[in-house]
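Okay, structure first, notes after.
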Amino acid sequence: AQSVAQPEDQVNVAEGNPLTVKCTYSVSGNPYLFWYVQYPNRGLQFLLKYITGDNLVKGSYGFEAEFNKSQTSFHLKKPSALVSDSALYFCAANYLFKGGSQGNLIFGKGTKLSVKP
Amino acid sequence: GAGVSQSPSNKVTEKGKDVELRCDPISGHTALYWYRQSLGQGLEFLIYFQGNSAPDKSGLPSDRFSAERTGGSVSTLTIQRTQQEDSAVYLCASSYSGSSYNEQFFGPGTRLTVL
């Protein structure tokens with residue numbers, strides 16, 4: 001079965017420190033990988049995606065993620081965390097179905113990021 | 001530009017009643033998705049519309065759930081005879097096409113509470 005795992009329910013970091021939110025995936029063939037952020041009482045906002053090419057992907061708000069095929073991981077990173085980065089982060093995967101494309105995302109359970117001043 | 005909009009933002013209903021949730025996707029987006037977000041289940045895919053193709057209903061949890069998309073734009077998710085376990089936030093998303101590599105843009109959600 002296709003799945004995405006976020007092993008940490010919560011990540012706590014101090015403002016100014018680097019942050020990492022972990023994600024691993026199990027999908028057929030070549031995966032397309034996404035990170036979304038959800039602020040309280042808001043919908044999900046797209047941060048970045050990996051389709052092909054350079055394993056390091058840069059996205060919104062200074063976030064980046066590294067695709068590692070051998071470890072089937074797509075960890076989200078930021079060199080210097082801000083208090084305003086505190087939110088719920090979701091990793092998601094999609095892939096090319098045989099015979100065509102298919103659009104529904106497979107989501108991880110989410111990781112709550114808390115950045116303290 | 002305008003994003004995905006959903007209405008109502010909150011809906012409280014009694015067990016056994018029917019509810020309709022509305023989604024207005026981004027103009028020009030051919031693909032539309034419904035997801036459900038609940039505390040115990042995370043984000044679950046419900047249904048997917050792509051252009052004029054038959055929708056992918058594989059995520060609908062029971063036959064009490066149905067959805068339609070009129071004119072390739074606005075979509076309505078209908079839940080009949082609501083149950084308490086239907087309480088969740090229902091999220092709608094749209095994308096430029098149904099291709100797997102396109103990011104999906106999400107609406108703010110409808111919070112459904114079944115008493």
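Can you order the peptides B:102-112, B:34-44 by their average number of other Cβ atoms within 10 Å per residue, highest first? Don't skip to the end; give the middle numbers.
Numbers: B:102-112: 21.3, B:34-44: 17.5.
In decreasing order of mean packing, B:102-112, B:34-44 become B:102-112, B:34-44.
In peptide B:24-35, what is the residue-averaged number of other protein chain Cβ atoms found within 10 Å of each Cβ? It would help to have the intermediate numbers written out before the result.
Numbers: counts 0, 0, 0, 0, 0, 0, 1, 3, 1, 3, 1, 4.
Across the residues of B:24-35, the mean count of other-chain Cβ atoms within 10 Å is 1.
Which of these, B:Val89, B:Val12, B:Val74, has the largest mean-square fluctuation under a Gaussian network model of chain B (Cα springs below 10 Å)?
B:Val12
List the accessible area buried at the contact between B and A, summed over both sides and calculated with a 1.4 Å probe, in Å² to the nearest 100. Could you put the intermediate results ahead of the total?
Numbers: alone 6390 and 6580 Å², together 11230 Å².
Accessible area lost upon association: around 1700 Å².
Ignoring ligands, DNA and RNA, what percent of the 1.4 Å accessible area of the range A:3-116 is carbon and sulfur? Show your work: numbers first, answer last.
Details: 2680 of 5410 Å².
Carbon with sulfur: 49 percent of the solvent-accessible area.
Just flag the trypsin sites (Lys or Arg not before Pro) in the range A:31-117 sitting in loop per DSSP whose Cβ has no more than 10 other Cβ atoms within 10 Å. Let's see the in-between values first.
Numbers: sites: A:Arg42, A:Lys49, A:Lys58, A:Lys69, A:Lys77, A:Lys98, A:Lys109, A:Lys112; in loops: A:Arg42, A:Lys69, A:Lys98, A:Lys109.
Listed in order of number, the matching sites are A:Lys69, A:Lys98.
Please give me the summed charge of the neighbours of B:His29: other residues whose Cβ is under 15 Å from its Cβ, Lys and Arg +1, Asp and Glu -1.
On the way: positive: B:Arg69; negative: B:Asp24, B:Glu103.
The answer is -1.
Straight-line reach from A:Lys116: which aspartates and glutamates have Cα under 13 Å away, leaving out those fewer than 8 places along the same chain?
A:Glu15, A:Asp85
How crowded by other chains is B:102-109, given as the mean number of beta carbons from other chains within 10 Å of each beta carbon?
On the way: counts 7, 10, 9, 4, 7, 3, 4, 5.
Rounded to a whole number, the mean comes out at 6.
With respect to the cross-link table entries A:Lys78/B:Lys11; A:Lys58/B:Lys57; B:Lys11/B:Lys57, which display a Cα-Cα separation exceeding 26 Å? List each step's numbers first, then the result.
Numbers: A:Lys78/B:Lys11 37 Å; A:Lys58/B:Lys57 34 Å; B:Lys11/B:Lys57 23 Å.
Over 26 Å Cα-Cα: A:Lys78/B:Lys11; A:Lys58/B:Lys57.
Beyond a 22 Å Cα-Cα separation, which of these cross-linked pairs lie in this structure: A:Lys77/A:Lys109; A:Lys112/B:Lys15; A:Lys49/A:Lys69? Intermediate values should be presented prior to the final figure.
On the way: A:Lys77/A:Lys109 18 Å; A:Lys112/B:Lys15 32 Å; A:Lys49/A:Lys69 15 Å.
Beyond 22 Å between Cα atoms: A:Lys112/B:Lys15.
For an R0 of 35 angstrom, estimate the FRET efficiency from the Cβ-Cβ distance between A:Leu82 and B:Gln41 and round to the nearest 0.05.
On the way: r = 30 Å, r/R0 = 0.87.
Result of the calculation: an efficiency of 0.70.
Express the carbon and sulfur contribution to the solvent-accessible surface of chain B as a percent, rounded to the nearest whole number, probe 1.4 angstrom. Provide the component values of the computation, followed by the final result.
Working: 2490 of 5490 Å².
Answer for chain B: carbon and sulfur cover 45 percent of the accessible area.
Other chains near A:105-112: what is the mean number of their Cβ atoms within 10 Å of each residue's Cβ? Please list the in-between numbers first.
On the way: counts 10, 2, 6, 2, 3, 3, 0, 0.
Average per residue, whole number: 3.
Could you report the range B:26-96's accessible area per residue, 1.4 Å probe, as an integer in Å²?
It amounts to 45 Å² per residue over the range B:26-96.
The values are calculated or read from the model by the stated rules, or taken from the named source; none is laboratory data. Just so you know, these numbers come straight off a predicted model, no measurement behind them. When we count neighbours, we look across all protein chains shown, and the Cβ atoms used for this are built from the backbone with ideal geometry, even at glycine. To get the accessible areas, we keep the full protein, side chains included, count just its heavy atoms, and leave off ligands, DNA and RNA. Shrake-Rupley method; radii C 1.70, N 1.55, O 1.52, S 1.80 Å.
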